[in-house]
1. Distance between Cα centroids, the stretch 85-100 to the stretch 25-69: provide it in whole Å.
2. Got a number for carbon plus sulfur as a percent of the chain's accessible area, 1.4 Å probe?
3. Charges only on Cβ, +1 for Lys and Arg, -1 for Asp and Glu: so what's the dipole of the chain about the Cα centre, in debye to the nearest 20?
4. Within the stretch 116-164, list the GluC sites (Glu not before Pro) lying in a DSSP loop whose Cβ has at most 12 other Cβ atoms in a 10 Å radius.
5. Nearest 20 debye, what's the magnitude of the dipole of the stretch 30-123 about its Cα centre given +1 on Lys and Arg Cβ and -1 on Asp and Glu Cβ?
6. Any idea how far apart Arg117 and Arg96 come out in nm if each label point goes 7 Å out from Cα toward Cβ?
7. Assign one of three labels to the stretch 65-156, namely rounded, prolate or oblate, based on the Cα gyration tensor with a ≥ b ≥ c the square roots of its eigenvalues; rounded applies when a/c is under 1.5, prolate when it is not and a/b is larger than b/c, and oblate otherwise.
8. Does the stretch 1-56 classify as rounded, prolate or oblate by the C-alpha gyration tensor (a ≥ b ≥ c root eigenvalues; a/c under 1.5 gives rounded; else a/b over b/c gives prolate, otherwise oblate)?
Amino acid sequence: MNLRKDGRVYEPAEDSWLLCATLERAATRFPELRGAVLEVGTGSGIVALTLAALGGVVTATDLNPHAIALARRNARVAGHHIEFLQGDLFEPVGDRRFDAIVCNPPYLPPGGEYDDRWLALAVEGGPTGTEFTHRLLAGAPRHLRPDGGVWLLLSSAMGELPGGWEREAFGEQDFEGEILRVERLSLARSVSG
């Protein structure tokens, strides 16, 4: 895939490619990926483009206005119709619900490596690296249709995720001692007695 780039937008790396490859393999087993899909934190749009190519009706959000502009350009060049909205997490989609929510979240603790604030927001997920993901999972149930799933790229560098979710692990990759993996999270079903 030939993507345009912008120095203020996270450039697809190992984590992005792992997430895309995993979604492509999982789409036959999980038709939710070919339904109404929300990508949170689209960056260059690589994941949204992958989901659109699988047949999903994709809405993609990002806080970074430069990311939204770049992702729109990349979708136009690729010939995909994707709805791009600027804003934080679920704010741009109001009360809409989706079959799947997909995110390659910022998952590193702050390291001071990025001079550009937009790039820092794209990779640094809070003091432990999980705060962004905690916020995402707190809001996801209000935007997820029954039996839908939240697809996340996770890193061994992250802290613990909140409970209340059933988790299924998919693709995993060791990248210079950091383990990257994709998980599908679904709301845990309560057992009534």
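1. When both Cα centres are located, 12 Å separates them.
2. On the way: 4600 of 9250 Å².
Roughly 50 percent, rounded to a whole number.
3. Values: 19 positive and 27 negative charges, 169 e Å.
So the magnitude is around 820 debye.
4. Numbers: sites: Glu124, Glu131, Glu160; in loops: Glu160.
Filter output for the stretch 116-164: Glu160.
5. Working: 7 positive and 11 negative charges, 73 e Å.
Approximately 360 debye in magnitude.
6. Using points 7 Å along Cα→Cβ, the separation is 2.7 nm.
7. Values: a/c = 1.99, a/b = 1.12, b/c = 1.77.
Oblate shape, in that a/c is at least 1.5 and b/c is the bigger or equal ratio.
8. Here the stretch 1-56 falls in the prolate category.
The values are calculated or read from the model by the stated rules, or taken from the named source; none is laboratory data. Predicted model, so just to flag it, every value in this text is computed and none were measured. With ideal geometry, Cβ positions are generated from the backbone for all residues, glycine too; neighbour counts draw on all protein chains shown. Remember, those area values only see protein heavy atoms, side chains included, never the ligands or the DNA or RNA. Shrake-Rupley method; radii C 1.70, N 1.55, O 1.52, S 1.80 Å.
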